[in-house]
Amino acid sequence: MKVAVIGAGEMGRGIALVFASSKFEVALEDAFPQALEKAKAYIEENLKRSVEKGNIKKGEDQEILGRIKFTSSLEEAVKGVDIVVEAVPEIVNLKQEIFEKLDKLTPENVILATNTSNIKISEISKNVNHKERVIGMHFFNPANRMKLVEVIKSEYTSDEIFNKTFEISMQIGKVPVKVLKDSPGFIVNRINAPDMLFFCKIIDMGIAKPEEVDAFAKEQGLPMGPYELMDFVGLDVVIHSMDYYAETISPEYRECNFVRELVNKGFLGKKTGKGIYDWSSGRANIPKAEPTDKVSLMDLFSIEINEAIKLIEEKVAVPDDIETAVKLGLNRPFGPISVAKSSTTAEIKKNLEDLASRFKVKVFEPTESIKNGKMKELLNIKSFQEESKEKPKEAQKSIGTVSEAKAVRRYETLYIEKMENYVAKLVLNRPKHNLINTDLLNDLEAAIKELWEDKEIRVVIITGSNENFSAGAELSQFIPGMFDFVEYSRKGERVFKLLQEIPKVVIAEIKKYALGGGFEMALSCDIRVSTPDAQIGFPEVTLGLIPAWSGSQRLAKLIGMSRAADLILTGRKFTGKEAYEMGIVTHVYDNDKVDSETIKLAESISLGTSPIAVALAKRLINRGSEISYDNGLEMESLAAGILYGTDDLKEGISAMLQKRKPEFQGK
Ligand SMILES: NC(=O)c1ccc[n+]([C@@H]2O[C@H](COP(=O)([O-])OP(=O)(O)OC[C@H]3O[C@@H](n4cnc5c(N)ncnc54)[C@H](O)[C@@H]3O)[C@@H](O)[C@H]2O)c1
């Protein structure tokens, strides 16, 4: 596939790199040759660092770079493309002009996407004849690292273009969310907008100093405080957005005097060396200060929940997508939806009423559903529209096929690749080493149930994206109390037990890390394979925890109490090779062969064995370890009796006599 990226600035260069890394041919166009030179240097530097860090192999950097053509001719750039992504400055007229040209230069089936942060997509497509192909594809900065892409539908965008853009976003390794309406700020910027107003007011009203609030934010674990972040992004950009929200959401957004004055004086933040803070050294020189007690996290959560609920009321996005977008777009461990789920509506309502009266800001007033006590109902919405009546529930998660060879079923945190020969790959797909959280457990539960019913699948390989299995549970997840933690533990145990129960063979393909919860997931599978240098283990006790998703029980059953005690009580990590020696994994494959060898192993089972015999044998092995020997034997003879009546047994025996490969039907 081929993409043209228009505008080679801060965003365009990163977007070009993302596409090229996913094997797209890329034309990166900019009206200014210096911008192209800078973009090329940035991309080269970035690729060099990726090689140094071992993220890509040596040589791959040149291949990726070779896929990018740098050009200052729009006509050249768009020749033969499937999709165009525009990333020129946030100026309506400029974007309209470019889209008018793009409409004339490209056939009507080409997707025309804009990376605008704020402007309505329908406004950008004003002069376009085929408005149905214009769509928002909002990347986050830095585009090559941030996983989120907001895919935005205008009132004209066709479903086909919307779905295709969503699919392409996944193909380039992003996590897309659906913005179903062309609404100011889409999801992340919209939820952030009242936060910005709040921080403007804090200063304008003299409630606290920037450094006191930033100290508070850092105390809460944020990498940057809100004012440092404003300086970093650019105060002109902040004011530009606030003015836009003043026009489109509420005039109150114009009230940001302190920042506006700095902009008027030309103090724009990091880029001018001075903003709220002094940046002359290249870093913010933040005066030392005590964290303020005038701001509470619950104030901010309440404001964000209010805005999230407005987005649901306006049918802009569903709760799950809002949660994902805020987590990935703002680098947070959890978003407003999970906080809303663990708070009472009355508590949020009261906070918002207090904030609205304290700051005299109507934007903070609780929205209708919070006022009427209906917040919780909205949090459970999975889809708007009566489309759910037409489509079965599961099908809504499906995005169809990404290539002819494989069908892909997509969940938020994982995907299932249905392959040939009765094999499916269940791929964990979360940023930062596929850490396991509630979302992943929920998706895993749904995915296992889906595979359970699928007669076309006999063997499931569980692995992770980014050459990694899973580094364990996401420890920063918001869990309100002790009892919630008990339930969280039970949830993991329940979901992992499904892996043991599913009547198919499940293979864990361990790469890079299988730690804590990741190791527990692998232990719940029937067979484990690993790369020799994978890092495996239960580090829980070194954190003051225990393996609490069944690991404390499963490991001893597998390798005996003595060895399990050594591994669990020391928390030490061991390699895939050592795991093989201990009998935890049964095959060790080199890193470059592990994917293909695991598929071969899976196919040797899926094509060479009767699925009924395998399912019954699996049950006997698992149950046999829990019941008496005599009861085990009883189960065994009954299972053998069941098999005696199957077509698979007849097929197995006649294939052996005829010296051919059996073709088992699972009957
Ligand atoms: N910077 C961010 O954090 C961020 C994040 C998400 C979205 N966005 C959006 O992405 C878009 C681009 O932002 P940016 O930060 O990359 O801006 P930028 O100023 O860094 O880059 C814009 C590039 O467009 C080029 N350009 C200007 N006119 C052009 C034309 N007629 N044809 C081709 N190229 C032209 C410029 O030379 C420049 O290199 C904006 O719409 C912005 O709102 C930015």
> How large is ³J(HN,Hα) for each residue in the stretch 329-335, as worked out from phi by the Karplus curve 6.51 cos²θ - 1.76 cosθ + 1.60 (θ = phi - 60°), to whole Hz, x for Gly and Pro?
Replying inline: x, 10, 6, 10, x, 8, x
>> Quick one: 3J(HN,Hα) in Hz for the stretch 98-110, Karplus 6.51/-1.76/1.60 with θ = phi - 60°, rounded, Gly and Pro as x.
In response: 5, 5, 4, 5, 4, 4, 7, 7, 10, x, 6, 8, 7
> In whole percent, what relative contact order does the stretch 28-176 give with Cα contacts below 8 Å and a gap of six or more residues?
Replying inline: 16 percent
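Report in % the part of the accessible area of the stretch 1-111 that belongs to carbon and sulfur, leaving out ligands and nucleic acids; probe 1.4 Å. Spell out each step's value before the answer.
Values: 2850 of 5520 Å².
Here it works out to 52 percent.
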> Taking every DSSP beta bridge that has both residues in the chain, what percent is antiparallel when rounded to the nearest 5?
Replying inline: 30 percent
> Roughly what angle does helix 345-359 make with the longest principal axis of the chain, taking Cα atoms, 0 to 90 degrees, to the nearest 10?
Replying inline: 20 degrees
>> Given contacts defined as C-alpha pairs under 8 Å and at least six residues apart, what's the relative contact order of the stretch 188-272, whole-number percent?
In response: 32 percent
> Points 7 angstrom from Cα along the Cβ direction at Gln477 and Lys315: gap in nanometres?
Replying inline: 3.3 nm
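If I take R0 = 22 Å and measure r between the Cβ atoms of Glu160 and Ser383 in this structure, what FRET efficiency does the formula 1/(1 + (r/R0)^6) give, to the nearest 0.05? List each step's numbers first, then the result.
Values: r = 18 Å, r/R0 = 0.83.
FRET efficiency, Glu160 to Ser383: 0.75.
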> Is the shape of the stretch 543-646 rounded, prolate or oblate, going by the alpha carbon gyration tensor and its root eigenvalues a ≥ b ≥ c, with a/c under 1.5 for rounded and a/b larger than b/c for prolate?
Replying inline: oblate
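With a 10 Å radius around each residue's Cβ, average the other Cβ atoms per peptide and rank 317-328, 17-28, highest first. All intermediate terms of the calculation are to be shown ahead of the outcome.
Working: 317-328: 24.3, 17-28: 22.7.
My ranking of the peptides, most packed first, is 317-328, 17-28.
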> Which Cys residues of the chain have no other Cys Cβ less than 4.7 Å away and so no disulfide-compatible partner by this rule?
Replying inline: Cys525
>> For Ile436, what residues show an amide H to amide H distance below 5 Å, using hydrogens built from the backbone and excluding near sequence neighbours?
In response: Gly472, Ala473, Glu474
>> Check which residues have an amide H placed less than 5 Å from Thr114's amide H, if you skip close sequence neighbours.
In response: Glu86, Ile135, Gly136, Met137
> Any idea what the relative contact order of the chain is, in percent, if you count C-alpha pairs under 8 Å spaced at least 6 apart?
Replying inline: 7 percent
> Round to a whole number: what % of the accessible area of the stretch 531-667 belongs to carbon and sulfur, probe 1.4 Å?
Replying inline: 59 percent
>> Counting heavy atoms of the protein chains only and a 1.4 Å probe, report the per residue accessible area for the chain as a whole number of Å².
In response: 46 Å²
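Please arrange Ile207, Ile124 by accessible surface area, largest first, computed with a 1.4 Å probe and ligands excluded.
On the way: Ile207 50, Ile124 0 Å².
Listed by decreasing accessible area, they come as Ile207, Ile124.
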>> Can you compute the helix-only [θ] at 222 nm over the chain? Use -39500 (n - 2.57) per DSSP H run of at least 4 residues, normalise by all residues, nearest 500 deg cm²/dmol.
In response: -14500 deg cm²/dmol
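For the stretch 73-174, what does the alpha-carbon gyration tensor say about shape, rounded, prolate or oblate, given a ≥ b ≥ c as the root eigenvalues, a/c under 1.5 as rounded, and a/b over b/c as prolate? Write down the numbers at each step before the final one.
On the way: a/c = 1.33, a/b = 1.26, b/c = 1.05.
Cα axes put the stretch 73-174 in the rounded bin.
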>> Need one number: % antiparallel among DSSP beta bridges in the stretch 105-237, to the nearest 5.
In response: 35 percent
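Once you order the gyration tensor axes a ≥ b ≥ c over the Cα atoms, which shape class does the stretch 466-531 get: rounded for a/c under 1.5, otherwise prolate or oblate by comparing a/b with b/c? Write down the numbers at each step before the final one.
On the way: a/c = 3.54, a/b = 1.42, b/c = 2.49.
It comes out oblate by the Cα gyration axes.
Evaluate E = 1/(1 + (r/R0)^6) for Glu60 and Lys497, where r is the Cβ-Cβ distance and R0 equals 41 Å; express this FRET efficiency to the nearest 0.05. Let's see the in-between values first.
Working: r = 40 Å, r/R0 = 0.98.
The pair Glu60/Lys497 has a calculated efficiency of 0.55.
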> What ³J(HN,Hα) values, in whole Hz, does the Karplus curve 6.51 cos²θ - 1.76 cosθ + 1.60 give for the stretch 304-317 when θ = phi - 60°, with x put for Gly and Pro?
Replying inline: 5, 4, 4, 5, 5, 5, 4, 4, 6, 4, 7, 6, 7, 7
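Output the antiparallel fraction of DSSP beta bridges having both residues in the stretch 405-600, as a percent to the nearest 5.
Working: 12 of 33 bridges.
Roughly 35 percent of the beta bridges in the stretch 405-600 run antiparallel, per DSSP.
Between Tyr629 and Leu657, what's the calculated FRET efficiency when r is the beta-carbon distance and R0 is 45 Å? Round to 0.05.
On the way: r = 35 Å, r/R0 = 0.77.
With a Förster radius of 45 Å, E is 0.85.
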> Roughly how many Å is it from the Cα centre of the stretch 473-510 to that of the stretch 240-318, as a whole number?
Replying inline: 38 Å
>> Would any residue of the stretch 483-525 have its amide N under 19 Å from a label point 7 Å out along Cα→Cβ of Asp592? List them or say none.
In response: 511-512
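The values are calculated or read from the model by the stated rules, or taken from the named source; none is laboratory data. Quantities reported herein were computed from a predicted structural model and do not represent experimental measurements. We place every Cβ from the backbone using ideal geometry, glycine too, and count neighbours over all the protein chains shown. Accessible surface areas use protein heavy atoms only, side chains included; no ligands, DNA or RNA. Shrake-Rupley method; radii C 1.70, N 1.55, O 1.52, S 1.80 Å.
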